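Engineer: One structure coming up, written as structure tokens, with questions to follow.
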Amino acid sequence: MDVVLSLLTVSVFSFCRQHKLDESLAYQQFSANVGEEESWINEKNTLVGSDDFGDTLAAVQVSLMSRSTILLYVCLQYPTRNMRKTKNSSR
């Protein structure tokens, strides 16, 4: 009887520990994603806040490349929205 009770107690502690570890992993993944998004936003804020309005051909090319990178990023992040727009616009 004591063995069964001990086994149940260990099983309960094991389940609780696994649950806490799963929650911790989810939080760590969320924090990592938030950090990536914040760094991306800060990088784009420096581009937006720049006073360089394309005075040279090289600056214009970099701005166009940055714009296409942003569009590609948005398309990859939200593929279902872009697919719906494509389907609706072809009608």
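Engineer: Could you list, in sequence order, all residues of segment 72-91 that are in a loop (DSSP other than H, G, I, E, B) and either closer than 21 Å to ASN33 by Cβ or modelled with pLDDT of 70 or more (or both)?
Structural biologist: TYR78
Engineer: From THR56, THR69, which residue is at pLDDT 70 or above and more than 25 Å from GLU36 (Cα to Cα)?
Structural biologist: Being at pLDDT 70 or above and more than 25 Å from GLU36 (Cα to Cα) holds for just one of THR56, THR69, which is THR56.
The values are calculated or read from the model by the stated rules, or taken from the named source; none is laboratory data. Because the structure is predicted, anything quoted here is derived from the model rather than measured. Cβ: placed from backbone, ideal geometry, glycine included. Neighbour counts: every protein chain shown.
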